[in-house]
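Read-outs: derived from the displayed coordinates by stated rules, not from any lab. Keep in mind it's a predicted model, so treat the numbers as computed, not measured. Glycine also receives a Cβ, built like all others from the backbone with ideal geometry; neighbour counts cover every protein chain displayed.
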Amino acid sequence: MKVELHCHTRLSDGSFTFEQILEQAVQEGVVQIAVTNHDTTRELELMMRQGLERGIAIIPGIEISGYDEERRRRVHILGYYIDPGSPEIEALCGPLLERRHQGCLQAIARLMEAGYAITLQDVMRYAEGGTGIYKQHIMHALIDRGYTKSIYGDLYKKLFARGQNGEQPGIAYIPTEYVDAREAVRVILQAGGVPVLAHPGQYGNFEFVPELVDAGLQGIEVWHPLHNEADEHRAREHAAAYGLIMTGGSDFHGFYGEREVLLGSKSPGLSVVEELRARRQVLHGDSIVTIKGDVTS
C-alpha cells in the first residue's frame, strides 16, 4: 500500500481538483494522502471528510514558502497533522498569499504591455476558486494562446528569470517576500504539527539544517522527483545526524509539475506515517484530529 506525503491541488499551484486527486489515488492504490498546498489550510477539513468517504485517510498538511536570508535561498517547510484552523498559520501565510497574488497581477500587466496577447480573464480561468494567481496559471494561459507548449520550457525561463550572476531578470519576474523559514518551523509547531524540510537538494538547503533543527525541525524529505542519488544520500546523513524523520513524496502538481509523476510514486511507506504520528504525540501530547468530532490516538 502506498502513501503520498506531498501533493498540491488547484487551491494553490496544482492543476488537479481534490476530487481528481482522490480518483488518481484509487487508481494508484494510495491509501493515505497529505494535502500540502502552499501557504494555506483552506478546505482541509472538507477534504478529510471526502477522503473518508472514499476510504482514503487525508493528513492535514501545508507547505510554507520560506527563505534563508543569509544564503539568499528559498526554503520550503512541510507541516503534517496541523490544526486546519490555526490562527498562527493564517497570520503568517495570509499576507504571503496576497503578496504572491499581487506580484502575479503585476507580471500579467507587464506581459500585456510587452505585447503578449493574454488577459487577466485568461489567467483567472485556471486560478479561479484558489488562493491566488501562480506563475503556472500565467504559463497555462500563454500555452492556450500558442506562445509555448509547456509550463517549464524556454519561455518560462525567459519570462521568469531571476536575473542571477549579473543577468537581467525576465520581464515577468516580480520578487516575492517569503517568510523566514525558521519562523515557518515554529508556527507549524504552534499549529500542533510536525515540521519537515522539503526537497533540500532542489534549493541547496543542507547548510541551513542545523539552524532549522534549533528552531524545531523534525524531519527531512529524502525521496523527491528532483532529488538525485547524491541528494538522497546527503538527506539521509542529515537525518541520522539530527534525529530527523526521513520522508518522501511525489510533490504532485498534475500538469503543473516540473516533472511528470504519478501520485504515490515516491511513497516512503506506512511506517513513515506512523513515525510522524508518533512524533506529533511526543511533541504535543494530544490526540490527532482527523475530522471534526473524531480523534485518533
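Observations
- Rounded tilt (10° steps) of 87-113 against the dominant C-alpha axis of the chain: 20 degrees
- Net lengthening on full extension, Ala240/Gln164 (0.36 nm per residue, minus Cα-Cα): 24.0 nm
- Each label point was placed 7 Å from the Cα along the Cα-to-Cβ direction; for Glu207 and Arg49 their separation is 4.8 nm.
- Highest average packing first - 45-51, 267-273, 3-9, Cβ atoms within 10 Å: 3-9, 45-51, 267-273
- Under-21-angstrom lysine pairs by C-alpha in the chain, whenever the two are 8 or more apart or on separate chains: 6
- Taking the helices alone, the chain has a mean residue ellipticity at 222 nm of -12500 deg cm²/dmol, built from -39,500 (n - 2.57) per DSSP H run of at least 4 residues and averaged over all its residues.
- Cβ-placed point charges (K, R +1; D, E -1), dipole of the chain about Cα centre in debye, nearest 20: 480 debye
- Candidates Asp83, Asp180, Asp214, ranked by Gaussian network fluctuation over the chain, Cα under 10 Å, top entry: Asp214
- Hydrodynamic radius of the chain by the Kirkwood approach over all distinct alpha-carbon pairs: 19.5 Å.
- Chain lengthening between Arg74 and Glu113 when straightened (0.36 nm per residue, less Cα-Cα): 11.1 nm
- Extreme residue, positive dipole direction of segment 1-148, given options Ile62, Leu105, Val35 (C-beta unit charges): Leu105
- Segment 15-130: antiparallel DSSP beta bridges as a percent of all, rounded to 5: 60 percent
- A cut-off under 11 angstrom between Cβ atoms defines the neighbours of Gly264, and their net charge, with Lys, Arg +1 and Asp, Glu -1, is 0.
- Candidates Thr36, Thr131, Thr247: whichever shows maximal mean-square fluctuation once the chain is modelled as a Gaussian network with Cα springs under 10 Å: Thr131
- The mean sequence separation of alpha-carbon pairs under 8 Å and at least six residues apart, normalised by the residue count of the chain, gives a relative contact order of 23 percent.
- GluC sites (Glu not before Pro) restricted to segment 88-168 and DSSP loop, no more than 12 other C-beta within 10 Å: Glu128, Glu167
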